[in-house]
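Written below as structure tokens is the structure these notes are about.
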């Protein structure tokens with residue numbers, strides 16, 4: 001029985017109870033959200049996750065961290081170090097986006113050590129397999145793709161990005177639009193290449209019912225990917241993006257009808273003033289399904305600081321109703337992230353998520369800030385450090401736990417006013 005089928009029957013599963021405790025809500029709230037398609041609980045029946053996460057309406061905004069190898073740099077131990085650091089920094093989920101070396105070995109090693117839900121993009125494995133055994137990615141078959149999806153589901157992958165909405169109709173819209181950056185999604189680029197070379201429809205779209213059967217069998221949550229997400233501000237909210245999103249709304253309905261948990265992926269590079277509209281559009285077209293966004297990045301000119309541009313956009317998107325933020329690291333657009341990049345990306349995105357949760361009225365969000373404020377007034381440095389979102393960095397910056405910090409020294413505003421009130 002899947003989480004969705006249980007929820008529809010009025011049954012509260014142990015997994016629902018677990019996430020309800022963490023969220024500080026009644027288990028019935030979780031069950032009802034899943035039953036209505038407003039919440040997903042990624043939990044593959046073959047993966048025993050210690051730290052489950054529910055994603056969706058009324059819950060804390062979740063943060064995903066991407067790790068994984070590239071053809072130019074493939075070091076399993078380094079990726080496992082990134083996994084550890086991402087978990088320690090507070091990520092809620094992990095995605096393995098490996099495209100270098102033995103993907104089965106890498107994924108299974110991460111699954112074995114992942115206490116969090118794990119996501120993948122199966123088209124990567126199908127493409128790499130075709131390139132290695134059939135000399136070209138355009139020789140990939142539908143069965144190659146379905147085999148990769150089933151293999152990863154059987155291994156225990158909890159959620160998968162599948163770019164099923166990138167249809168020939170959307171591709172024609174892309175041709176007519178005249179974008180600056182065309183296609184920046186890796187999975188989207190693979191599929192566009194295959195579709196043009198073979199003059200055929202997207203196999204993920206045509207085989208969607210078979211994908212739903214696999215997802216239902218293992219209770220894999222489908223994350224309907226945005227293969228035509230904008231890669232620069234000038235391409236934001238254009239016809240190809242919206243055309244794909246309309247299709248994702250239709251595919252959401254088919255997944256829900258088939259008893260498969262589903263969420264929707266969103267852009268991308270978006271100007272500040274278009275973010276709220278993008279969230280509203282996705283929520284309307286996809287019937288309030290959980291919305292998973294990359295960033296959004298609010299400017300194209302900050303390489304090396306894109307964890308900041310992503311956090312700015314993420315805070316606005318989450319405030320507007322996005323439920324799940326995919327982190328962006330400082331190395332976005334420049335290189336494969338290092339272990340330190342992973343930590344900085346997670347922390348920056350958690351800041352964005354928490355800032356939005358305060359506005360959303362998420363249980364306990366504002367209370368955390370109030371506790372910090374009281375500790376600051378009392379100049380309780382150890383308590384402030386422990387309450388910090390990143391205690392390690394706060395501890396490094398403040399070397400002494402006594403008295404005041406070196407910013408104001410004896411002219412500390414809080415200390416001066418406290419002493420004045422004492423004399424009254």
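Where a number appears in this text, it was derived from the coordinates with a stated rule and is not lab data. What you see is a predicted model, and the numbers here were worked out from it, not measured in a lab. Virtual Cβ from ideal backbone geometry, glycine too; neighbours counted across all protein chains shown.
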Among the numbered conditions (1) buried (at least 17 other Cβ atoms within 10 Å of the Cβ); (2) under 26 Å from the mean Cα position of the chain (by Cα), tell me where residue 385 comes up short.
(2)
Tell me yes or no: at least one residue of region 380-388 is within 21 Å of residue 307 (Cβ to Cβ) and out of contact with any strand residue (DSSP E or B) (no Cβ under 7 Å at 6 or more places or on another chain).
yes
Hey, residue 230 hits all of (1) closer than 24 Å to residue 104 by Cβ; (2) buried (at least 21 other Cβ atoms within 10 Å of the Cβ); (3) touching a helix residue (DSSP H, G or I) at 6+ places or on another chain (Cβ under 9 Å) but one; which does it fall short on?
(1)
Looking only at region 124-138, which residues are buried (at least 24 other Cβ atoms within 10 Å of the Cβ) and over 27 Å from the mean Cα position of the chain (by Cα)?
none
Sort out for me the strands (runs of 3 or more DSSP E) sitting completely within region 194-310 that have 3 or more residues that are in contact with a strand residue (DSSP E or B) (Cβ under 7 Å, 6 or more places away or on another chain) and farther than 22 Å from residue 45 by Cβ.
262-266, 291-294
Return yes or no: is residue 374 touching a helix residue (DSSP H, G or I) at 6+ places or on another chain (Cβ under 6 Å) and not in a loop (DSSP other than H, G, I, E, B)?
no
Output the residue which, of all residues in region 139-154 that are farther than 22 Å from residue 196 by Cα and in contact (Cβ under 8 Å) with a residue 60 or more places away in the chain, is surrounded by the fewest Cβ atoms within 10 Å (Cβ to Cβ).
154
Suppose we filter 157, 121 for residues that are under 22 Å from residue 255 (Cα atoms), surrounded by 18 or more Cβ atoms within 10 Å (Cβ to Cβ) and out of contact with any helix residue (DSSP H, G or I) (no Cβ under 6 Å at 6 or more places or on another chain); which single one remains?
157
Name the one entry in 347, 279 that is under 17 Å from the mean Cα position of the chain (by Cα) and surrounded by 23 or more Cβ atoms within 10 Å (Cβ to Cβ).
279
